[in-house]
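Step one of this worksheet: look at the structure below.
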Amino acid sequence: TSTKAQKEIIDAQTKTDVQVVKKALSKPVDQQVRQDYLLELINKINSNKYYPKKAKRRGWEGQVKLKFSILPSGAVSELEILESSNYKQLDKSALRAIYDSVPFEPIPANLGLTRLDLELPIVYQLK
């Protein structure tokens, strides 16, 4: 069975929106455990995000759509950019937020997952 989990958190410091848009599960699990784990992942990514100074000065905004897998240990594999923001600095910043967040907490055993596949758009928007 496949389930889609969606969360949206706004990082007030960088005004960057993060939303988990896709999560595949092998079987139904405790909804609260899944939501808590995803929220923890998003909070960690948010704490490691930054808006590059050059991008701010030049007024660059955009969205970087990332795809990656979290392994049971909390390690990340297969990190890639699915859609570029068209600004190298924003793309690098989005990747860096993931790299700086590793390792994540291990996937809770009661989720019964051998890996967690995510697609994550990171939006950079100035006010």
Every residue from the range 41-50 that is polar (S, T, N, Q) and either part of a helix (DSSP H, G or I) or crowded, with 18+ Cβ neighbours inside 10 Å (or both): Asn43, Asn46, Ser47
Residue ID - farthest from Leu118 (Cα to Cα), chosen from residues in the range 51-107 that are among the aromatic types (Phe, Trp, Tyr) and buried (at least 16 other Cβ atoms within 10 Å of the Cβ): Trp60
Residue that is over 19 Å from Tyr37 (Cα atoms), without any contact (Cβ under 8 Å) to a residue 60 or more places away in the chain and over 12 Å from the mean Cα position of the chain (by Cα), where the choices are Tyr51, Tyr124, Tyr87: Tyr87
Among the candidates Leu79, Leu66, Leu95, residue that is assigned to a helix (DSSP H, G or I), of a type outside the set (Asp, Glu), touching a strand residue (DSSP E or B) at 6+ places or on another chain (Cβ under 9 Å) and at pLDDT 95 or above: Leu95
Boolean, Ile81 is of a type outside the set (Ser, Thr, Tyr) and free of Cβ contacts under 8 Å to residues at least 24 places away in the same chain: yes
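The values are calculated or read from the model by the stated rules, or taken from the named source; none is laboratory data. These numbers were taken from a predicted model, which means no experiment stands behind them. Don't worry about glycine lacking a Cβ; one is built from the backbone with ideal geometry, like all the others, and counts go over all protein chains shown.
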